[in-house]
Amino acid sequence: CVGRLPFRGRTTIIALVEGSVTPIRPANVARAGGRADPEPDRVAVVAALRRMLDSEELRASPRSRDFLAYVVTEALAGRGHRLKERTVARYALGRDADFDSATDAAARVQANRLRTALERFYAGTGAAESLVIELPKGGYVPRFTYRDPTPSPRGSAALEPGLVVVQFVDAQAD
């Protein structure tokens, strides 16, 4: 399956290879508030990104969509170290080569708007998403983390996988 992610003035094509999704295991999963998965499953990230881009929270803002698609795609391509204010402004927001971040705060403003849209997405449409795409404050490199799909009630301990042994009584033995 091939997906197309639109950027301002061009389209990036991302190919999804069926069967390449790695299983989610406790060893490679970060819980909410935990560490980020050092090797995010690219197929799962692209699928989550597509759902986000199609969501109501981001549909109304083409600039936020372009911004998110650009930073996620660059990070997945191994170019996260190049995601600086200038490159994001030029390639995601369409600024000219003479862009000056001292006089134009477009990238910072759009990053804050995107963070707000991401919060709304995960509070609404994306509440059941297990893969979370975040844009930490102070930078433009997205972070990919996994969270529990169903949070445990407050005050209760998280349940761990286990085995329950129950002895049944044969009611027809009498």
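Subtracting the Cα-Cα distance from 0.36 nm times the residue separation, let me have the gained length for D54 to D100 in nm, one decimal.
Value of the extension gain: 13.4 nm.
Simple spin-label model, 7 Å along Cα-to-Cβ: T125 to R79 in nm?
2.6
Any read-out appearing in this document is the output of simple, stated calculations on the displayed coordinates, not a laboratory observation. For clarity, every value in this text was computed on a predicted model and none was experimentally measured. FYI the Cβ positions are ideal-geometry reconstructions off the backbone, even for glycines, and counts take in every protein chain you see.
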